[in-house]
Amino acid sequence: MPILALLLVLSSAIQTARSIQNEKAWEAIRYGYVVDKNSPNFLSRGDVIFDVPEQSISDIIAISARSTMNRKMVYSDSTQTASTKVEASLSLKGSYGAFSGAASMAVSSSSDSSVKTVRLDCYIKAIQYEVSAIGSLRTTPQNHLTENFKTSVNTLSPEQLEEMIGVFYARSLDLGGEVRKSYTMQATKEDNESSVSAEDTSVQAKWAKTINDDNLFPFNFEMKPMWELVKAVNQKKGEEFEKYLLDKWSRQSSEFSPTRFLSTSEWTKHTTSNMRGYAIQRLCPEGQRVTKVTWFEQNGYGLVDLQIDCGGQQLRFTNNNNGGPNSAKTCRGGFSAIQGREQNGYGIINARMWCRGDSHYSDSNRNYRGYFKDTLDCAGKVLTGLEVREQGGYGIINFKAFCTSLADNWEPQKEWSSLSNTNMRGGELSNICPTGKRITKLTWYEQHGYGLVDVQMECGDYSHRFTANNNGFPNSGKSCSDGFSVVQGREQHGYGIINIRMKCRGDSNFTDSNGNFRGSWNGELGCSNGYAMGMAVREQGGYGIINFKILCSLSAK
């Protein structure tokens, strides 16, 4: 589970009350400010740095009434940190990292510092007055420095200046009350500003009515770095002070440098208790999910192999070609659960599968001997991999699921069709068009006494031969400038694929590769909304091509 840290800071009367009536609240603008993690604006007062004579107040200080209340949420992540956001809110030019220690992105000292984090700061602000430096205090503030500040610059070390005087000075500020509630949590890759939110209902509008001239607090600062004023007194000391602070802030910024997101994946338990044999794992590439599951069944054994599709990539587990494929189960939004049926003495003989968001299940086949075992539920996540256990002489005897939190609105861009038939002998050869291209021409090669033994796929200016069997001769090539929508194989017992029927996108007419009509047609392999962009053929020694499938885009773009 993600680790969450919560900090609440309420600061409407953090300091001794000063009243506008006694003309003291505005004096907040006379001070230097130090970084303070316990303050809602991450700042607290240092020492007085500006001398403002009574008779000059109206010439260099502007005070105006402004009664408003507002709420704001500030989202930060490991790239745009809370420190960066605080600096921007203070109108500081440049990214100093001054608040890396105070506005920490770390969850806690005990949490894993290699995991990226997100932080949400919820502010409620009740503003009563605006205070701004005007005239010479704004344009030439060095002319209003106190004698104590000048003496301190020449006598104190950079460390002492930071602690006793401050690191920033204010050009403007608001007076009123402020509440900050901060949430910090370890982040998944999918977390963003819209997925991470928090409602702050603990402080209501009536709190704002309690803010008055007797409990005003300064916030909403416009700040400048203190080293500018230090340089005006002592150039060398100012440069030392600037270097000291920048080096310190740089170290603080690098102390928390996470490199990875919080894992949102987990394995389920196994579907049975049989742990014989050995495990074979296959996981989808990062960010992908299982969109199709095909189990392979061998008579007298049960399920002996499994193939998962991850948005266009296919992964086989045992590579046992003694079984034939059951009907594939496709879930374009992903699978939510899977369940095995076990028969004593055989292992897993059937599998039940659920698509995400669908309460109806599909069974891999009609073998209902034995019993269905525990359902492996991804519990809100989606299936992104599997581990099967294969035992010699039995096939698949157990499996478990790998589940990951991925977005609901994901749609795959491509997927493989089913195979033309159930013949799984030989080996598979596959190829996909270059990115952005589609199959525009197919030329099949035929060998007398064997059937089809090779195929050449063209994708615009890209061309690929699959088996490189030169014993055959080319049939007439079929060209489709906008791509192929249907490819259908004709199978003859004892020979394999002996003819191909093809159709272009937007065309109702088929074209046959040759005139051999022995055997019978397999089912159509169609790209209903898209086009063929790749193929895989199965070649068996002494027979040629005995099976194939096509890779389809799922849109016409």
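The values are calculated or read from the model by the stated rules, or taken from the named source; none is laboratory data. Everything numeric in this text was worked out from a predicted model, so none of it was measured. Positions of Cβ are generated from backbone atoms using ideal geometry, with glycine treated the same way; all protein chains shown enter the neighbour counts. When the accessible area is computed, the model is the full protein with side chains, heavy atoms only, and any ligands, DNA or RNA have been set aside. Shrake-Rupley method; radii C 1.70, N 1.55, O 1.52, S 1.80 Å.
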Problem set entry | Under Karplus coefficients 6.51, -1.76 and 1.60, residue-wise ³J(HN,Hα) of the range 523-534 in Hz, glycine/proline x | x, 5, 9, x, 10, 4, 10, x, 8, 6, 10, x
Exercise. For the chain, which whole-number percentage of the solvent-accessible area (1.4 Å probe, protein heavy atoms only) is attributable to carbon and sulfur atoms?
Worked result: 45
For this session: Can you tell me which of 531-539, 464-472 comes out highest on packing, and rank the rest after it, using the mean Cβ neighbours within 10 Å?
Result: 531-539, 464-472
For this session: Work out Dmax and Rg for the chain from the C-alpha atoms and quote the Rg first, both in angstrom.
Result: 35.6, 112
Problem set entry | Spin-label pair S520/D408, simplified geometry with 7 Å Cα→Cβ offset, distance in nm | 4.5
Seminar exercise, completed: Using alpha carbon centers only, the range 294-345 is separated from the range 361-388 by a whole-angstrom value of 10
Problem set entry | Hull-based mean projected area of the range 434-531, where the convex hull spans the alpha carbons, in square nanometres | 6.5
Exercise. Reachable aspartates and glutamates from K24, Cα under 16 Å, same-chain residues fewer than 8 places away excluded?
Worked result: D47, D51, E54, E130, D174, D213, D214
Problem set entry | Accessible surface, the range 268-345, averaged per residue in Å² (probe 1.4 Å) | 40
Seminar exercise, completed: the range 357-420 accessible area per residue, 1.4 Å probe, protein heavy atoms, integer Å², reads 50
Exercise. Once a ≥ b ≥ c are taken as the square roots of the eigenvalues of the Cα gyration tensor of the range 268-318, is the result rounded (a/c under 1.5), prolate (a/b larger than b/c) or oblate (a/b not larger than b/c)?
Worked result: oblate
Problem set entry | Percent of Cα-Cα distances greater than 18 Å, calculated over the range 392-486 | 65
Exercise. With contacts defined as alpha carbon pairs under 8 Å and 6 or more residues apart, what's the relative contact order of the chain in percent?
Worked result: 11
Exercise. Taking the highest mean first, how do the peptides 296-309, 493-506 order by number of other beta carbon atoms within 10 angstrom per residue?
Worked result: 296-309, 493-506
For this session: Can you tell me the relative contact order of the range 237-318? Whole percent, Cα pairs under 8 Å, sequence separation 6 or more.
Result: 19
Exercise. Quick one: length gained pulling R276 to F510 fully straight, 0.36 nm per residue minus the C-alpha distance?
Worked result: 79.2 nm
For this session: Only helical DSSP H runs with n ≥ 4 go in: add -39500 (n - 2.57) per run for the chain, normalise by residue count and round the 222 nm mean residue ellipticity to 500 deg cm²/dmol.
Result: -3000 deg cm²/dmol
Exercise. With a ≥ b ≥ c the root eigenvalues of the C-alpha gyration tensor of the range 325-440, is it rounded (a/c under 1.5), prolate (a/b larger than b/c) or oblate?
Worked result: oblate
Seminar exercise, completed: Per its Cα gyration tensor (rounded if a/c is under 1.5, else prolate when a/b beats b/c, else oblate), the range 352-399 is best filed as oblate
Exercise. Which of the lysines could a cross-linker span from K478 if the Cα-Cα distance has to be under 26 Å and same-chain partners fewer than 8 positions apart are dropped?
Worked result: K414, K437, K441, K503, K549, K557
Problem set entry | With all protein chains modelled, accessible area of E240 [1.4 Å, Å²] | 80
